[in-house]
1. Please determine whether any residue of the stretch 89-101 is assigned to a strand (DSSP E or B), closer than 21 Å to N4 by Cβ and either charged (D, E, K, R) or touching a Leu at 6+ places or on another chain (Cβ under 9 Å) (or both).
2. If you go through the stretch 86-117 one residue at a time, how many are in contact (Cβ under 8 Å) with a residue 12 or more places away in the chain, of a type outside the set (A, V, I, L, M) and closer than 18 Å to I8 by Cβ?
3. Scan the stretch 13-37 and report the pairs whose first residue is in contact (Cβ under 8 Å) with a residue 12 or more places away in the chain and whose second residue is assigned to a helix (DSSP H, G or I), with Cβ atoms within less than 6 Å and a gap of 6+ or a chain change.
4. Could you say whether any residue in the stretch 16-37 is open to solvent by less than 40 Å² (accessible area, probe 1.4 Å), touching a Phe, Trp or Tyr at 6+ places or on another chain (Cβ under 7 Å) and closer than 16 Å to L133 by Cα?
5. Can A75 be described as of a type outside the set (K, R) and surrounded by fewer than 17 Cβ atoms within 10 Å (Cβ to Cβ)?
6. Out of the residues in the stretch 111-123 that are open to solvent by 80 Å² or more (accessible area, probe 1.4 Å) and acidic (D, E), which is nearest to F63 (Cα to Cα)?
7. Could you list, in sequence order, the residues of the stretch 45-72 that are in a loop (DSSP other than H, G, I, E, B) and either hydroxyl-bearing (S, T, Y) or buried (at least 18 other Cβ atoms within 10 Å of the Cβ) (or both)?
8. Would you point out the residue of the stretch 124-152, among those that are under 15 Å from I114 (Cα atoms) and of a type in the set (S, T, Y), that is most open to solvent (accessible area, probe 1.4 Å)?
Amino acid sequence: MKENLKQIHVGKGLGTLTFGNTRQEVKAMLGDPSDVEKYSLSDDGGDSTEAWHYDDLDLSLSFDEENDYRLSSIAVSSEDYTLEGISLIGKQKEEVLAEVERHQWGAPEEDDEISEDNPDNSLVHIDKSSISLWFEKGELTELQIGPFYKNDGILWPSSGQ
């Protein structure tokens, strides 16, 4: 685990990675990803996304075409990552949601579609903090963060943490 990547900064990024970084900047910091996945969520393909996976870091980064392929989403799946100094990956849902309330990160909202399709899985969004929490069998397996939004636009953080 790279020491400069352990701390999650809500709305800003992960360690020295900052939302808004270009693919070139990220590659200079982390090197080549283990895998690059390209996809689109629309039928016309006008919203292309590149997801870079760093398997050795349990880290995935997304760059969206609509944001000029700037870093716009970070997902972590290792207990080495901390949010407010707390390691949440691997903890039970009740414990994670108690931390969300204790730190006033915002109101958690369950994504009903996910649990309808697979009752063992759940997804919780916290819009105020741009956090999504993925649970499998009640255990947090992935934490996703994004930048803050205002009036349908992204508030890109400055490069300083």
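The values are calculated or read from the model by the stated rules, or taken from the named source; none is laboratory data. Not measured: the values here are computed from a predicted model. Note that each Cβ is placed from the backbone with ideal geometry, even for glycine, and that neighbours are counted across all protein chains shown. Heavy atoms of the whole protein, side chains included, go into the accessibility calculation; ligands, DNA and RNA do not. Shrake-Rupley method; radii C 1.70, N 1.55, O 1.52, S 1.80 Å.
1. Checking the stretch 89-101: not a single residue is assigned to a strand (DSSP E or B), closer than 21 Å to N4 by Cβ and either charged (D, E, K, R) or touching a Leu at 6+ places or on another chain (Cβ under 9 Å) (or both).
2. 7
3. From residues that are in contact (Cβ under 8 Å) with a residue 12 or more places away in the chain, the pairs are L14/L5; G15/N4; G15/L5; T16/N4; S34/D55.
4. No, the conditions are met nowhere in the stretch 16-37.
5. For A75, the condition - of a type outside the set (K, R) and surrounded by fewer than 17 Cβ atoms within 10 Å (Cβ to Cβ) - is not met.
6. So, considering only residues that are open to solvent by 80 Å² or more (accessible area, probe 1.4 Å) and acidic (D, E), the one nearest to F63 (Cα to Cα) is E113.
7. If the condition is that a residue be in a loop (DSSP other than H, G, I, E, B) and either hydroxyl-bearing (S, T, Y) or buried (at least 18 other Cβ atoms within 10 Å of the Cβ) (or both), then Y69 is the only one that fits.
8. T141
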